[in-house]
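Notes follow once the structure below has been shown.
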Amino acid sequence: MLRTLTLHCGRFRLPLGERALLMGVVNVTPDSFSDGGEFLDPEKAFRHALALVEEGADLVDVGGESTRPGAQPVSAEVELKRVLPVIERLAGRVQVPISMDTSKAAVARAAVAAGASLINDVTALRDPGMAQAAAEAEVPIILMHLRGTPQTMQSQCRYDRLIPEILEELKPAIDQARQAGIAEDRILIDPGIGFGKTPEQNLALIKNLKELKALGFPLVVGPSRKSFIGQVLDLPVGERLMGTAAAVALCAANGADIIRVHDVAAMRQVVRMTEAILKS
């Protein structure tokens, strides 16, 4: 980790650089790759988010549109119908920041108004209004590397120099964020593990994660339960806990500031043990 930094998320303050923080995943979708449909009901999603916070999540990431390979986009109206009831319930109950996982400025604005205090944009500001929405709301934004769309990204995995190209391709979004008035200390980057990368490339990203610190921004990674783990271990999505644990341990050891996970209680133990070893 580069340095200790306080991430201002509304009324919350997250210390980055002291330890890897855990972002708990709340998918309010019928078709997400891991738990699609399980938490589509807002009350179930709300209860699940509460459980993740009880397990030790440092923040929760609520999403209403699947971005798995091949996923079809949904309208802003559908997305808002799914996520707003969850965010509104959570805003008065949890003492951690709520992140809105969306690529749409309209959804981001409504989510922040409902109580979210961070935006997680897997398309890194492709919506022309997203940078302005984040700047006006004065909330942090995660800019993720993604070539193409969820429908086309797995056909765009050709890299000559993986990490330098990812860094170079993130720079326009970072410049766009700056130009819109988003403060430097509110920008985070995500290399997009599982998004337009082969299994071998995902493994290389985790192994060489520290190189992604070259841009000087906090680093968010999301290896949890993803298909590269299944391909290495030949396991279905429901049996990838131990593979996820190995990936999370290496992410924590190699400089991740925030790790996005489904299984918070188990991964909290993994991160604590990893960091105890590193500090010994």
If a residue must be among the charged types (D, E, K, R) and assigned to a helix (DSSP H, G or I), how many such residues does the range 241-280 contain?
4
Take the residues of the range 185-195 that are part of a strand (DSSP E or B) and of a type in the set (A, V, I, L, M, F, W, C): which is nearest to Gln151 (Cα to Cα)?
Ile189
Flagged in the range 123-153 as modelled with pLDDT of 95 or more and more than 17 Å from Ile182 (Cβ to Cβ), in numbering order, are His145
Identify the single condition in (1) in a loop (DSSP other than H, G, I, E, B); (2) in contact (Cβ under 8 Å) with a residue 40 or more places away in the chain that Leu143 does not satisfy, given that it satisfies every other one.
(1)
Within the range 196-216, considering residues that are surrounded by 21 or more Cβ atoms within 10 Å (Cβ to Cβ) and outside any helix (DSSP H, G or I), the one modelled with the highest pLDDT
Lys197
Could you list, in sequence order, all residues of the range 59-116 that are buried (at least 22 other Cβ atoms within 10 Å of the Cβ) and among the acidic types (Asp, Glu)?
Asp61, Glu65, Glu79, Asp101
What's the total number of residues in the range 214-243 that are within 29 Å of Lys171 (Cα to Cα) and in contact with a helix residue (DSSP H, G or I) (Cβ under 8 Å, 6 or more places away or on another chain)?
12
Here the residues within the range 234-259 that are touching a Ser or Thr at 6+ places or on another chain (Cβ under 6 Å) and either of a type outside the set (A, V, I, L, M, F, W, C) or surrounded by fewer than 23 Cβ atoms within 10 Å (Cβ to Cβ) (or both) are Val237, Thr244, Ala249, Ala253
Enumeration of residues in the range 104-140 that are closer than 28 Å to Lys213 by Cβ, part of a helix (DSSP H, G or I), more than 18 Å from the chain's Cα centre (by Cα) and not polar (S, T, N, Q)
Ala133, Ala135, Ala137
Only one of (1) surrounded by fewer than 18 Cβ atoms within 10 Å (Cβ to Cβ); (2) closer than 26 Å to Ala57 by Cα fails for Gln231. Which number is that?
(2)
Contacts under 7 angstrom Cβ, first residue in the range 215-243 being touching a residue at least 12 places away in the same chain (Cβ under 8 Å), partner among the hydroxyl-bearing types (Ser, Thr, Tyr), 6 or more apart:
Pro223/Thr244; Ser224/Thr244; Arg225/Ser34; Arg225/Thr244; Ile229/Thr244; Val237/Ser34
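The values are calculated or read from the model by the stated rules, or taken from the named source; none is laboratory data. The model shown is predicted, which means the values in this text are computed figures rather than measured ones. Cβ: placed from backbone, ideal geometry, glycine included. Neighbour counts: every protein chain shown.
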